[in-house]
Amino acid sequence: MTSLSKVRRTQEERTARTRLALVEGAISAIYKHGYAAASTVLIAEEAQTSRGAMVHHFSTRAALMAEVVRYVFEREMMEYEEIRSRTGEGDYLHHWPRILWRVLSKPSGLAVLEILQATKSDTELGEYVIPMQEGVERAALAAIRDAFGGDDQEALSVMRLMVWSIRGLSIAERYLPHRPETHHAVELLSHLLYVVAPSGKIEDIGPWLKSE
């Protein structure tokens, strides 16, 4: 490897480390202080870098938030696979409320929720984040269909039921902490999914969705 190649690789590695530190700094700042209070100065402090470095790597705060959404989704997908490998769970729909709870209730998941909520009043943020979140949902939908079948409408309904029920419970646990009751709610959702889809596939749920 030439000296120039080594320098380029070192620069790329340094850039990647700084960007990761800023993304994780944003997650930490939002989780601790809320989205509105997570200023660029505070994020830079959490990342242990300068505000100038943040501006260099992300043209706007909104661009950083979009990267947070992308990064968190990719990390969550890896965590799902790690849990499946370690526990042997995940082949049936009723396993997923428990798996989702382990992942989405973390500070990163709560930070993403605050970002999404902020898009309602922040137009620039919405222009960055909403397309990113739509892409995240499309990717998750494809994974659900590959694993459990069903058409797009059925799979999307099941996915949103599970994901947003767990996200809602994670908010409740943050602000109104009653962990045993929260865990019971997760278990109840798992049991209900088992009742309506004993095979663990979305095809069992189809008739329920079309019974209106």
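The values are calculated or read from the model by the stated rules, or taken from the named source; none is laboratory data. Predicted model, so just to flag it, every value in this text is computed and none were measured. All Cβ positions, glycine included, derive from the backbone under ideal geometry; neighbour counts span all protein chains shown. What goes into the accessible areas is simple: the full protein's heavy atoms, side chains included, and nothing from ligands, DNA or RNA. Shrake-Rupley method; radii C 1.70, N 1.55, O 1.52, S 1.80 Å.
Take the conditions among the aromatic types (Phe, Trp, Tyr), over 30 Å from LYS201 (Cβ atoms) and assigned to a helix (DSSP H, G or I) and apply them to TYR31. Does it pass? I'd like the intermediate steps shown before the answer.
Details: among the aromatic types (Phe, Trp, Tyr): yes; over 30 Å from LYS201 (Cβ atoms): yes; assigned to a helix (DSSP H, G or I): yes.
Yes, satisfied.
When the range 38-56 is limited to residues that are modelled with pLDDT under 90 and part of a helix (DSSP H, G or I), the one that is nearest to the chain's Cα centre (by Cα) turns out to be MET54. Here ILE27 meets the list (1) over 30 Å from HIS191 (Cβ atoms); (2) of a type outside the set (Phe, Trp, Tyr); (3) free of Cβ contacts under 8 Å to residues at least 40 places away in the same chain; (4) open to solvent by less than 30 Å² (accessible area, probe 1.4 Å) almost entirely, failing just condition (3). Answer yes if at least one residue in the range 100-108 is open to solvent by 30 Å² or more (accessible area, probe 1.4 Å), free of Cβ contacts under 8 Å to residues at least 12 places away in the same chain, among the charged types (D, E, K, R) and closer than 30 Å to HIS33 by Cβ, and no otherwise. Yes; the residues of the range 100-108 include at least one that is open to solvent by 30 Å² or more (accessible area, probe 1.4 Å), free of Cβ contacts under 8 Å to residues at least 12 places away in the same chain, among the charged types (D, E, K, R) and closer than 30 Å to HIS33 by Cβ.
Give me a count of the residues in the range 193-212 that are open to solvent by 30 Å² or more (accessible area, probe 1.4 Å), part of a helix (DSSP H, G or I) and in contact (Cβ under 8 Å) with a residue 12 or more places away in the chain. Quick ask: steps written out before the conclusion?
So in the range 193-212, the residues open to solvent by 30 Å² or more (accessible area, probe 1.4 Å) come out as 194-196, 198-199, 201, 203-204, 207-212.
Narrowing the set further to residues that are part of a helix (DSSP H, G or I) leaves 194-196, 203-204, 207-209.
If we keep only those that are in contact (Cβ under 8 Å) with a residue 12 or more places away in the chain too, we end up with 194, 196, 203, 208-209.
Residues in the range 193-212 being open to solvent by 30 Å² or more (accessible area, probe 1.4 Å), part of a helix (DSSP H, G or I) and in contact (Cβ under 8 Å) with a residue 12 or more places away in the chain: 5 in total.
Within the range 172-191, the only residue that satisfies the criterion of being exposed (fewer than 14 other Cβ atoms within 10 Å of the Cβ), modelled with pLDDT of 95 or more and among the hydrophobic types (A, V, I, L, M, F, W, C) is LEU188.
Going through the range 117-130 one residue at a time, which ones are open to solvent by 30 Å² or more (accessible area, probe 1.4 Å) and free of Cβ contacts under 8 Å to residues at least 40 places away in the same chain? Show your work before the answer.
Narrowing the range 117-130 to residues open to solvent by 30 Å² or more (accessible area, probe 1.4 Å): 117, 120-124, 127-128, 130.
Passing the criteria: LYS120, SER121, THR123, ILE130.
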